[in-house]
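> Can you keep this structure in mind? I'll have questions shortly.
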Amino acid sequence: MNEVTKIDGIGSSVRRTEDKKFLTGKGRYTDDINRPGQVQAYFLRSDVAHAEIKSIDTKAAQSAPGVVGVFTGSDIAADKVGGPICGWVVPCRDGSSTKEPPHPLLAQGKVRFVGDAVAVVVAETMEQAKSAAELIDVDYNELTPVVDFVNAEKGTQIHEEVPNNCYFDWELGDESATNKAIESAAKVVKLSVRNNRLVPNAMEPRSALAEYDSLDESYTLYTTSQNPHLTRLVLAAFMFAIPESKLRVIAPDVGGGFGSKIYVYIEEAVCVWASKKIGRPVKWTADRTQAFLTDCHGRDHVNDVQLALDEKNKIIGLRVDTVCNLGAYLSAFSVVVPTILHGTLLSGQYDIPAIYTNVKGMATNTVNVDAYRGAGRPEATYLLERTMETAAKEVGMDPAEFRRINFIPKDAFPYQTQVALQYDIGDYEPHLDKAMEMIDYSNFEKRRAEAAKRGMYRGIGMSSYIEACGLAPSAVVGALGGRVGQWESASVRVNPTGTISVFTGSHSHGQGHATTFAQIVADKLGIPMENVEVIHGDTDKTPFGMGSYGSRSLASGGSAISKAVDKIINKSKKIAAHLLEASEDDIDFKDGKFVVGGTDKEKAFSEIALAAYVPHNYPLETLEPGLEENAFYDPTNFVFPSGTHIAEVEIDPATGVVEVVDWAACDDFGNLVNPMIVEGQVHGGIAQGIGQALLEDAHYDENGQLLTASYMDYCMPRADDLPSFKVGYTNTPCTHNDLGVKGCGEAGAIASPPALINAVIDALSPLGVTDMSMPATSQKVWKAIQESQSVAAE
Amino acid sequence: MYSTKYIKPNSTLEALEAIKSMGEGKFLAGGMTLIPTLKQRLASPDGLVDISGCDLDSISDEGDAIKIGAMTKHASVAESGLVNKAIPALAKLADGIGDRQVRNRGTLGGSVANNDPSACYPSAVLALNAIVHTNTRSIEADAFFTGMFETALEENEIIEAISFSKPTKANYVKFPNPASRYAMVGVFVAQFNDGVRVAVTGAGEGGVFRHAEMEAALSSNYNADALSALEISSEGLIGDLHASPEYRASLIKEMTRRAIV
Ligand SMILES: Cc1cc2nc3c(=O)[nH]c(=O)nc-3n(C[C@H](O)[C@H](O)[C@H](O)COP(=O)(O)OP(=O)(O)OC[C@H]3O[C@@H](n4cnc5c(N)ncnc54)[C@H](O)[C@@H]3O)c2cc1C
């Protein structure tokens, strides 16, 4: 061993400390929490997609056994409680802004999707609430539902405030330069792709428990949230008009989010409202059907792409026209996902001199669509990487070489794209080369031939993605239409014996922060990781913070912790200087010890901590006692992870089944704090990407009924659908955060769908197949094979 | 779930009495189908008669048949030495139902009484020319399944056991629905001295069915090639999100080919 690594510092694959409780079933989720006197809420939901409500008769329900209250939209309106807000808007091409229709907590006059909440029944038990809900009589005047978002413009208008069912019509880039590039191109590659609609499917369904304390007129809300402080802000400031201090939001253990638990949903707000109205704690927990119907869905784009090439196959322009489905109401980040988080990614890893994109966000009678693992970036990567592969084949180049000649060269960083982002650093050829090596790319044709002998079609496909994580800086976010800041906070409290409590504004719902964050602190302070406790998810404990999404936790939240620890070290040096009777400048901090340079005089970190809290010998005239520091960190830029994934598949022509037989992922996430956790994130991301590419599809029929509303029809990836992943890394450390880290949580889900679909098309290319939509189900692949054979026979 | 009565008798006789005393009662076997139905409020029986205490879970060798009690769990069939020796295809079928939890609770009787068009067991009953023994009579397989979710069982008639004839050769091959992993197409092929029986599940609009043309072809030549010339009609096959009738027709032929070994 030539390098000594601390077993629990940065770079160590230490096991996740939080797993013991999860694996032994001891996690404490919102639904596990019960309060004295608690009652249950059940929402009566619309079973039609689009209708005017003529009348609601709740009389029979009011007097049903166990019922404590039955409320409708008019009760909410009477109390003037506002609805969820949109956290980010964009300007339209015509100079107007995004249309923001109201989203009432309970339907007022109209229902707009199957699952829209019409009334809430609060009863002693959930079964009683359900039984009473069956007695509510709603008289609907049904309207023609709008389901096909591509043609939504012509459909029945869903909101008074949204003409042509178009929330926004946004653009980015230089249209005339791009069109000129296309007109003058040696070749223009055209492709239309669809990004299929997905249901997030967090393992834990959403849940809320609200309690009102009439003595100090305050509320406590336990809820399944990825960002409890934002939930508190939205509920307090925008919905209930109460001081934030009168609302405590606790997001205890949360069983997965994937984006779907970022937003404030109507159910949480209704529980808060009803808890005061009734004077008892009110709990609501979704069952799986409600999760399918009412959790914000993801993706759902159609993109028309034109890629212009010069005679040397260099890209000279890219135009993308996108229509996306945002559903019945605007959710918190549904506007930013297909615009800012999508359009700005269109340069990918490539040097593209002219880019233009236009995005229309449409209203439909389906549930809201918002961020889902990757949020805009998978959609951008999918269309770009499908187009890159298609273009390579059309010009007769190896897809790897075609990418290579178009990569942004290593010495061109920082690189200003034509779509607003400036990449700080990157080096793309190494991860392409390494991924090719990992999958033995050069011998692929041998494997294809061997498979053919077995009657199987083998294919290979790649995707070189870029991701922008850790939205920042706040000023830019604001300039782009964001209504929130995008910094992160940390508070590091050194306890008298030298143990540490870290309070973070980010939130862990599966990512392993308790471990990763503790490793950072342990590494910087040179103390055992067991001495570091990470606290998150409670607005009364943690500093105001933005929560976790967009792969921001380590880059933003981890950096804030690092900065707070730096402040601790600085103050500790002052204390050490006093104790050691030396000048502060002469104190070195190393391996957990403060040493007077060039001497053997030293103080352990724990001794400094004790001195800070028992300041008998302490420079009280110049220094406050205690050892606790806050940091708010506003990054100066996004972080830009990148990588190349290569998928290899075999297709059985008799059944159309696609088997993923091999996978190489080589990612550049900058420095890795815990490589094992990172690898887990990569695995999970790829699994979700394979799910999107082969299996998952949220399918509404023309009446707006979700046909895939259970696991009988909605197909999640299972372990036996997945190959063993080969995971590797390159490293160009981020230039603008102290840890040199980027994000890794979404990369797998971003990179994998195009790699896989490219592989499927490659496998079928001997049959003349050139396109395949997601999900590439066995039926779809079988049909493509049948059709190619019937064409061949003609 | 609506509230309902629950009774757990110790014999079939007591079970029958109990169910007759209810307006509309339901036998409860493994509950893997019935309980979710109740939880989703899709049924509201007056009472549940749990027949797990009625001694209906033995497996015995009857010479030319294997008799399996209605309450025998899928896992027990999968692990049974008797079944594995006499009709390994039946053990394989049971082993491929659902997941471990489902196999540890779901029962033969429950599956056959329910006659889900995508269930696996009905194909074995039909292909293995089984006899369904109830509290009142013995019903031949060919007369038992009468349509999707429909059987020849009368109200309050209880399946006690099913006798499966021992074939000379048999196999079950299932193409699972990717989401539910029930059969999207499942084919049970059984060869007897007097001919071959082929039963198809997961595909028919009327539930499980025998495929006469494939039976004829395989009876004269028990070889996958015997199917090559056959055109499998898509008429009467289920079309849904996951598979069109044409795709199912193609899978029927392919699964049958794979079943012949
Ligand atoms: C996740 C999951 C996956 C599954 N996958 C598969 C699969 O791949 N293949 C497959 O074939 N099945 C599958 N099943 C169904 C499973 O096999 C069930 O066990 C079966 O459908 C019902 O058996 P049960 O013992 O649970 O019956 P129950 O749910 O208790 O009863 C079902 C019905 O049969 C009636 N009944 C039960 N026993 C008798 C009897 N002895 N006499 C008369 N009526 C009776 C009941 O009254 C009820 O109407 C799956 C189920 C689940 C939950």
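The values are calculated or read from the model by the stated rules, or taken from the named source; none is laboratory data. Everything numeric here is computed off the predicted structure, so don't read it as measured data. We place every Cβ from the backbone using ideal geometry, glycine too, and count neighbours over all the protein chains shown. Side chains are part of the model used for accessible areas, which takes the heavy atoms of the whole protein and leaves out ligands, DNA and RNA. Shrake-Rupley method; radii C 1.70, N 1.55, O 1.52, S 1.80 Å.
> What about A:Ala792, is it more than 22 Å from the chain's Cα centre (by Cα) and within 14 Å of another protein chain (Cβ to nearest Cβ)?
No: the conditions fail for A:Ala792.
> Residues of the range B:173-193 being open to solvent by 10 Å² or more (accessible area, probe 1.4 Å) and either modelled with pLDDT under 95 or within 14 Å of chain A (Cβ to nearest Cβ) (or both), which ones?
B:Val173, B:Lys174, B:Phe175, B:Pro176, B:Asn177, B:Pro178, B:Ser180, B:Arg181, B:Tyr182
> A follow-up question, please. Any residue in the range A:721-732 that is touching a residue at least 12 places away in the same chain (Cβ under 8 Å) and within 14 Å of chain B (Cβ to nearest Cβ)?
Within the range A:721-732 (the criterion being touching a residue at least 12 places away in the same chain (Cβ under 8 Å) and within 14 Å of chain B (Cβ to nearest Cβ)), the answer is yes, since at least one residue qualifies.
> Pick from the range B:147-162 the residues that are part of a strand (DSSP E or B) and in contact with a Leu (Cβ under 9 Å, 6 or more places away or on another chain): which of them is surrounded by the fewest Cβ atoms within 10 Å (Cβ to Cβ)?
That would be B:Glu160.
> Those residues that are open to solvent by 10 Å² or more (accessible area, probe 1.4 Å) and of a type in the set (Val, Ile, Thr), I need them from the range A:260-293; list them, please.
Result: A:Ile262, A:Val264, A:Ile266, A:Ile278, A:Thr285, A:Thr289.
> Just to check your reading of the model, which residue among A:Asp652, A:Asp586 is within 14 Å of chain B (Cβ to nearest Cβ) and at pLDDT 95 or above?
A:Asp652
> When only residues in the range B:23-54 that are more than 14 Å from chain A (Cβ to nearest Cβ) and away from the ligand (no atom under 12 Å from the Cβ) count, which is least open to solvent (accessible area, probe 1.4 Å)?
Per the stated criteria, the residue is B:Gly53.
> What residue, among those in the range A:658-684 that are hydrophobic (A, V, I, L, M, F, W, C) and in a strand (DSSP E or B), is most open to solvent (accessible area, probe 1.4 Å)?
Looking at the filtered set, the residue picked out is A:Val661.
> Further question: Can you tell me which residue among B:Gly96, B:Gly69, B:Gly81, B:Gly63 is closer than 25 Å to B:Ala203 by Cβ and outside the structural domain of B:Gly206 (by TED's automatic domain parsing)?
So the residue among B:Gly96, B:Gly69, B:Gly81, B:Gly63 that is closer than 25 Å to B:Ala203 by Cβ and outside the structural domain of B:Gly206 (by TED's automatic domain parsing) is B:Gly96.
> Taking the range A:242-271, which residues are more than 17 Å from A:Phe544 (Cα to Cα) and of a type outside the set (A, V, I, L, M, F, W, C)?
Those that are more than 17 Å from A:Phe544 (Cα to Cα) and of a type outside the set (A, V, I, L, M, F, W, C): A:Asp253, A:Gly255, A:Gly256, A:Gly257, A:Gly259, A:Ser260, A:Lys261, A:Tyr265, A:Glu267, A:Glu268.
> Right, something else. Restricting the range A:61-76 to residues that are under 19 Å from B:Ser3 (Cα atoms) and in contact with a strand residue (DSSP E or B) (Cβ under 9 Å, 6 or more places away or on another chain), which is most open to solvent (accessible area, probe 1.4 Å)? Show your work before the answer.
Taking the range A:61-76 first, the residues under 19 Å from B:Ser3 (Cα atoms) are A:61, A:63-67.
Filter once more, keeping what is in contact with a strand residue (DSSP E or B) (Cβ under 9 Å, 6 or more places away or on another chain): A:61, A:64-67.
Values: A:Ala61: 0, A:Ala64: 13, A:Pro65: 99, A:Gly66: 24, A:Val67: 29 Å².
In this case the residue turns out to be A:Pro65.
> Being crowded, with 17+ Cβ neighbours inside 10 Å and touching an Asp or Glu at 6+ places or on another chain (Cβ under 8 Å) is the filter; apply it to the range A:703-720 and report the residue that is nearest to the other protein chains (Cβ to nearest Cβ).
If we take residues in the range A:703-720 being crowded, with 17+ Cβ neighbours inside 10 Å and touching an Asp or Glu at 6+ places or on another chain (Cβ under 8 Å), then A:Cys715 is nearest to the other protein chains (Cβ to nearest Cβ).
> Might you check whether a residue that is within 16 Å of the ligand (Cβ to nearest atom) and either outside the structural domain of B:Lys26 (by TED's automatic domain parsing) or among the small types (Gly, Ala, Ser) (or both) occurs anywhere in the range B:211-228?
Checked against the condition, which is being within 16 Å of the ligand (Cβ to nearest atom) and either outside the structural domain of B:Lys26 (by TED's automatic domain parsing) or among the small types (Gly, Ala, Ser) (or both), the range B:211-228 yields no hits at all.
> Please verify whether B:Leu13 is away from the ligand (no atom under 11 Å from the Cβ), closer than 30 Å to A:Ala709 by Cβ and open to solvent by 10 Å² or more (accessible area, probe 1.4 Å), treating the condition exactly as stated.
no
> Related question: Considering A:Glu161, A:Glu175, which residue is open to solvent by 40 Å² or more (accessible area, probe 1.4 Å) and under 27 Å from A:His103 (Cβ atoms)?
A:Glu161
> Another question, if that's okay. Sort out which residues of the range B:66-99 are away from the ligand (no atom under 14 Å from the Cβ), outside any helix (DSSP H, G or I) and either open to solvent by less than 10 Å² (accessible area, probe 1.4 Å) or within 14 Å of chain A (Cβ to nearest Cβ) (or both), and write them in order of number.
Once the filter is applied, which keeps residues that are away from the ligand (no atom under 14 Å from the Cβ), outside any helix (DSSP H, G or I) and either open to solvent by less than 10 Å² (accessible area, probe 1.4 Å) or within 14 Å of chain A (Cβ to nearest Cβ) (or both), the range B:66-99 yields B:Ile66, B:Ile87.
> Given the condition of a type in the set (Phe, Trp, Tyr) and within 14 Å of chain B (Cβ to nearest Cβ), answer yes or no: does some residue in the range A:682-700 qualify?
yes
> Test A:Ala784 against the criterion of being within 14 Å of another protein chain (Cβ to nearest Cβ) and not in a loop (DSSP other than H, G, I, E, B), and give yes or no. Write out each step before concluding.
Values: within 14 Å of another protein chain (Cβ to nearest Cβ): yes; not in a loop (DSSP other than H, G, I, E, B): yes.
Answer is yes for this residue.
> OK, next. Those residues that are closer than 28 Å to A:Gly27 by Cα and of a type in the set (A, V, I, L, M), I need them from the range A:230-252; list them, please.
A:Leu230, A:Leu233, A:Val234, A:Leu235, A:Leu247, A:Val249, A:Ile250, A:Ala251
> Follow-up. Name the single residue, out of those in the range B:216-261 being touching a helix residue (DSSP H, G or I) at 6+ places or on another chain (Cβ under 9 Å), open to solvent by less than 20 Å² (accessible area, probe 1.4 Å) and closer than 30 Å to A:Tyr700 by Cα, that is farthest from the other protein chains (Cβ to nearest Cβ).
Checked the range B:216-261; the qualifying residue farthest from the other protein chains (Cβ to nearest Cβ) is B:Leu237.
> B:Thr107 - would you say it is in contact (Cβ under 8 Å) with a residue 40 or more places away in the chain and within 14 Å of the ligand (Cβ to nearest atom)?
The answer is yes for B:Thr107.
> All but one of (1) open to solvent by 10 Å² or more (accessible area, probe 1.4 Å); (2) on the phi < 0 side of the Ramachandran plot; (3) within 14 Å of chain A (Cβ to nearest Cβ) hold for B:Val208; state the number of the condition that does not hold.
Exception for B:Val208: condition (3).
> Is there a residue being touching a Leu at 6+ places or on another chain (Cβ under 8 Å) and surrounded by fewer than 23 Cβ atoms within 10 Å (Cβ to Cβ) anywhere in the range A:469-480?
yes
> Related question: Inspect all residues belonging to the range B:117-132 and state whether any of them is of a type in the set (Phe, Trp, Tyr) and near the ligand (Cβ under 9 Å from one of its atoms). Please lay out each step first, then the result.
As a first pass, look at the range B:117-132 and keep what is of a type in the set (Phe, Trp, Tyr): B:121.
After this cut, where a residue has to be near the ligand (Cβ under 9 Å from one of its atoms) as well, the list is B:121.
Yes; the residues of the range B:117-132 include at least one that is of a type in the set (Phe, Trp, Tyr) and near the ligand (Cβ under 9 Å from one of its atoms).
> Here is a further query. Of the residues A:Asn141, A:Asn151, only one is away from chain B (no Cβ under 14 Å) and over 33 Å from the mean Cα position of the chain (by Cα); which?
From the options A:Asn141, A:Asn151, the qualifying one is A:Asn141.
> Looking at A:Glu629, A:Glu650, A:Glu621 in this structure, which one is charged (D, E, K, R) and free of Cβ contacts under 8 Å to residues at least 12 places away in the same chain?
Matching residue, one of A:Glu629, A:Glu650, A:Glu621: A:Glu621.
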